[in-house]
Amino acid sequence: MNKLMTILAEARAVLERVDESDVNETAALLAGAPRIFVVGEGRSGLMAKSFAMRLMHLGATSYVIGETITPSIAEGDYVVAVSGSGTTHSVVWTAEKARELGASVIALTTDAESPLARSAVRVLAIPAATKHRREGESASIQPLGSLFDQCVHLVLDAVCLCYAESRGVDNAAAFKQHSNVE
């Protein structure tokens, strides 16, 4: 099997194990959020940033934690935290601090029992391989957390589709939010 088809098969095997009701419920929670913040490190952080950007296109007020223009978190806000292991120190610390400040945390992780998951009101479990290759993780030919990051991107795109549908945002409306100075 060629590499593209192998990657596709790996992602499909993971995504078939993601509970679609969790995707729908996550979108519903975010649709009611006054502001949405995202956090992650490395490639997981890039997936989180991609999600924040798409949410902005869909009319949400979204921020990336750690950017210079990110405001303080307040009660009622949501934080979407991404960590394959669920143990990334800065992500776990941010989730815990956000909860102390009255925000709700949604975690995307492979480990529903991890410290990150314990800080969350909702866990989107992504049963993919991580860089740790722990027992129970899906097998992958890809290095490190590539499979996790790919699946996170697709799951968050599905969340965006549900979010857009619930708010009546179509492609034309999203396009109006797209950058016009590129």
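The single residue among 14, 82 that is open to solvent by less than 40 Å² (accessible area, probe 1.4 Å), closer than 20 Å to residue 121 by Cα and touching a Ser or Thr at 6+ places or on another chain (Cβ under 6 Å) turns out to be 82. Could we say that residue 36 is among the hydrophobic types (A, V, I, L, M, F, W, C) and closer than 19 Å to residue 123 by Cβ here? The answer is yes for residue 36. Scanning for something of a type outside the set (D, E, K, R), over 18 Å from residue 32 (Cβ atoms) and in a helix (DSSP H, G or I), does segment 96-114 turn up at least one residue? Scanning segment 96-114 turns up no residue that is of a type outside the set (D, E, K, R), over 18 Å from residue 32 (Cβ atoms) and in a helix (DSSP H, G or I). Scanning segment 26-47 for residues that are in a helix (DSSP H, G or I) and open to solvent by less than 80 Å² (accessible area, probe 1.4 Å) yields a count of 10.
Report yes if some residue within segment 60-75 is open to solvent by less than 60 Å² (accessible area, probe 1.4 Å), of a type outside the set (Ser, Thr, Tyr), under 26 Å from residue 147 (Cβ atoms) and touching a residue at least 60 places away in the same chain (Cβ under 8 Å); otherwise report no. No: segment 60-75 contains no residue that is open to solvent by less than 60 Å² (accessible area, probe 1.4 Å), of a type outside the set (Ser, Thr, Tyr), under 26 Å from residue 147 (Cβ atoms) and touching a residue at least 60 places away in the same chain (Cβ under 8 Å). Taken across segment 1-8, residues that are in a loop (DSSP other than H, G, I, E, B) and either over 21 Å from residue 147 (Cα atoms) or out of contact with any Pro (no Cβ under 6 Å at 6 or more places or on another chain) (or both) do occur, with at least one present. Output the number of residues of segment 100-120 satisfying the condition of being charged (D, E, K, R) and surrounded by 22 or more Cβ atoms within 10 Å (Cβ to Cβ). Total satisfying the criteria: 1.
The values are calculated or read from the model by the stated rules, or taken from the named source; none is laboratory data. The shown structure was predicted, so the numbers you read here are calculated from the model rather than taken from an experiment. Note that each Cβ is placed from the backbone with ideal geometry, even for glycine, and that neighbours are counted across all protein chains shown. Note: accessible area is taken over every heavy atom of the protein model, side chains too, but ligands, DNA and RNA are not part of it. Shrake-Rupley method; radii C 1.70, N 1.55, O 1.52, S 1.80 Å.
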